[in-house]
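**Student:** Encoded as structure tokens, here's the structure I'll be asking about.
The values are calculated or read from the model by the stated rules, or taken from the named source; none is laboratory data. These figures come from a predicted structure and were not determined experimentally. Cβ sites come from the backbone with ideal geometry, for glycine too, and all protein chains shown count toward neighbours. Keep in mind that these areas ignore ligands, DNA and RNA; they rest on the heavy atoms of the full protein, side chains included. Shrake-Rupley method; radii C 1.70, N 1.55, O 1.52, S 1.80 Å.
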Amino acid sequence: MTSREVPGRTPGRPQDLGPVPGGEEGADQVSALLEDSAEDLYENAPCGYLSTLLDGQIAKINQTLLDWLGHRREDLVGRKRFADLLTVGGKLYHETHFAPLLRLQGEVSGIALELKAADGSRLPVLVTSALKRDSDGRPLLIRTTVFDARDRRAYETELLRARQEADRERERLQRLATTLQRTLLPPALENVPGLDVAAHYHIASADEVGGDFYDLFPLTAGTWGLFLGDVCGKGAAAAAVTSLTRYTLRAAAVYHPDPAAVLTNLNTVLNHEPHGDEPRFCTVLYGLLTPADRGGFHITLASGGHPPAVLMRADGSADYVHTPGGQLLGVVPDADIATATVHVGPGDTLLLYTDGLTEAHTTMAGGRYGDEALLDFARSLAPTTAQAAIGAVRDLLASFDKVDDDTALLAITAPRPGREEARGAG
């Protein structure tokens with residue numbers, strides 16, 4: 001049996017292909033296809049082949065590569081080196097990286113290069129080269145396979161174009177979201193005589209508009225209203241509810257400044273506003289500020305399911321201003337509104353916040369920051385000022401592993417007599 005024969009098979013017949021359609025004639029046609037010469041397979045392969053001497057001189061090249069480049073065989077074999085077919089950048093890479101790696105490793109695979117065609121055009125290719133060695137392991141020549149990468153380059157170019165377009169679109173949406181977010185917040189906080197005010201809005205994602213909001217505004221002579229809240233969801237729908245909520249709170253406060261009445265009116269508006277499948281509910285703290293005879297301010301807070309404010313006293317103590325029982329607004333027509341009244345005396349600071357702060361991810365046990373941790377943090381700050389408190393919480397937010405939700409902060413301080421405190425928004 002010769003080396004080309006296989007037991008159980010007839011030489012020259014394609015039994016390994018299974019039944020051949022068309023009977024004997026079909027078998028002969030398949031046999032003819034399988035009997036193409038090795039030389040024809042080399043010359044007309046679907047990829048380029050060339051062999052070079054160790055100095056890079058071309059010793060052999062197939063017709064496929066000649067056709068791609070538009071060269072004649074006699075112009076290249078024995079006359080040109082492989083590097084002569086490369087662009088200037090390709091030559092530099094070949095000399096500094098490709099050739100040294102080939103000598104060191106014996107093979108280099110899938111390198112992207114560009115070849116120069118006879119007409120001056122460029123052909124993007126992927127190149128694999130391997131050293132052929134003799135029986136003693138000494139290198140004899142270099143065998144190189146060249147794959148046409150024009151389709152791949154076109155795909156990569158289109159992919160890059162699409163990615164750049166997506167980046168531009170994302171930047172446009174981020175600018176739009178940022179602009180829209182600004183319209184949902186007051187451009188500046190009201191300057192209240194005898195009160196220092198600071199605020200901050202922490203954006204969790206630049207791609208989406210959040211639903212957190214705050215404001216401070218004058219009412220009747222000597223009284224002011226403030227509120228801070230959080231609308232369910234993100235994006236355009238949340239922005240619409242946020243805008244509706246802010247303007248409703250301001251209008252309701254002018255009509256009837258009692259905090260519970262203000263939130264009751266807001267709840268009625270949210271329940272009657274058509275919303276389809278989009279939820280329209282929020283949590284809110286609304287406060288009415290009136291100057292106290294003995295200094296500072298009396299603040300009546302009404303809560304619609306919002307986290308309690310933190311009061312940091314001038315004596316170094318701190319605690320929550322609890323408003324238990326307040327329900328989300330916009331869910332049921334007759335939501336319970338919880339109220340509490342507190343005196344912010346000279347040196348006291350009141351901090352309002354949204355739950356993006358307490359629900360932030362940390363390395364602490366439980367994985368979330370939480371109410372107890374916030375209270376401990378407030379106690380470490382007291383006594384403090386509005387500006388200092390907002391600055392400390394901003395640093396705290398920056399220290400968290402992840403903040404999933406936007407966070408709005410609003411702080412007010414009744415300055416101590418005889419002390420100058422900085423006023424304004426942070």
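**Student:** I'm checking my understanding of the structure. Among residues of the range 51-105 that are part of a helix (DSSP H, G or I) and basic (Lys, Arg), which one is nearest to LEU131 (Cα to Cα)? Steps first, answer last, please.
**Tutor:** From the range 51-105, those part of a helix (DSSP H, G or I) are 63-69, 73-76, 82-85, 88-105; that's our starting set.
Those left that are additionally basic (Lys, Arg): 73, 91, 103.
Numbers: ARG73: 23, LYS91: 19, ARG103: 8 Å.
Top of the filtered list is ARG103.
**Student:** Given the conditions (1) surrounded by 19 or more Cβ atoms within 10 Å (Cβ to Cβ); (2) over 25 Å from PRO186 (Cα atoms); (3) in contact with a strand residue (DSSP E or B) (Cβ under 6 Å, 6 or more places away or on another chain); (4) in contact (Cβ under 8 Å) with a residue 40 or more places away in the chain, report the number of the one that GLY347 does not fulfil.
**Tutor:** So the condition that GLY347 fails would be (3).
**Student:** With respect to ALA388, is the statement that it is out of contact with any helix residue (DSSP H, G or I) (no Cβ under 9 Å at 6 or more places or on another chain), open to solvent by 40 Å² or more (accessible area, probe 1.4 Å) and among the hydrophobic types (A, V, I, L, M, F, W, C) true? Walk me through it before giving the result.
**Tutor:** Working: out of contact with any helix residue (DSSP H, G or I) (no Cβ under 9 Å at 6 or more places or on another chain): no; open to solvent by 40 Å² or more (accessible area, probe 1.4 Å): yes; among the hydrophobic types (A, V, I, L, M, F, W, C): yes.
For ALA388, the condition - out of contact with any helix residue (DSSP H, G or I) (no Cβ under 9 Å at 6 or more places or on another chain), open to solvent by 40 Å² or more (accessible area, probe 1.4 Å) and among the hydrophobic types (A, V, I, L, M, F, W, C) - is not met.
**Student:** Restricting to the range 325-379, count the residues that are closer than 19 Å to HIS200 by Cβ, out of contact with any Leu (no Cβ under 6 Å at 6 or more places or on another chain) and polar (S, T, N, Q).
**Tutor:** Of the residues in the range 325-379, 2 are closer than 19 Å to HIS200 by Cβ, out of contact with any Leu (no Cβ under 6 Å at 6 or more places or on another chain) and polar (S, T, N, Q).
**Student:** Residues in the range 387-404: is at least one farther than 22 Å from THR242 by Cβ and among the β-branched types (Val, Ile, Thr)? Full working, then the answer.
**Tutor:** Step one: list which residues in the range 387-404 are farther than 22 Å from THR242 by Cβ, which gives 387-389, 391-392, 395-396, 398-402.
Filter again for among the β-branched types (Val, Ile, Thr), leaving none.
Among the residues of the range 387-404, not one is farther than 22 Å from THR242 by Cβ and among the β-branched types (Val, Ile, Thr), which makes the answer no.
**Student:** Give me the residue from the range 117-166 that is among the basic types (Lys, Arg) and part of a helix (DSSP H, G or I) and, out of that set, farthest from VAL88 (Cα to Cα). If you could, list the steps in order and put the result at the bottom.
**Tutor:** At the first step, the residues of the range 117-166 found to be among the basic types (Lys, Arg) are 122, 132-133, 138, 143, 150, 152-153, 161, 163.
Adding the requirement that they be part of a helix (DSSP H, G or I) leaves 150, 152-153, 161, 163.
On the way: ARG150: 19, ARG152: 21, ARG153: 19, ARG161: 26, ARG163: 29 Å.
Within the range 117-166, the match that is farthest from VAL88 (Cα to Cα) is ARG163.
**Student:** Consider only pairs whose beta carbons are under 6 Å apart and that are at least six residues apart or on different chains; among these, list those whose first residue lies in the range 142-171 and is of a type outside the set (Gly, Ala, Ser) and whose second residue is in a helix (DSSP H, G or I).
**Tutor:** Sorted first by the residue in the range 142-171, then by its partner, the pairs are VAL146/LEU65.
**Student:** Still on this model: Assess whether LEU288 counts as being aliphatic (A, V, I, L, M), open to solvent by 20 Å² or more (accessible area, probe 1.4 Å) and in contact with a Gly (Cβ under 9 Å, 6 or more places away or on another chain). It would help to see each step written out before you state the result.
**Tutor:** Values: aliphatic (A, V, I, L, M): yes; open to solvent by 20 Å² or more (accessible area, probe 1.4 Å): yes; in contact with a Gly (Cβ under 9 Å, 6 or more places away or on another chain): yes.
Here the answer is yes, as LEU288 does meet what is asked.
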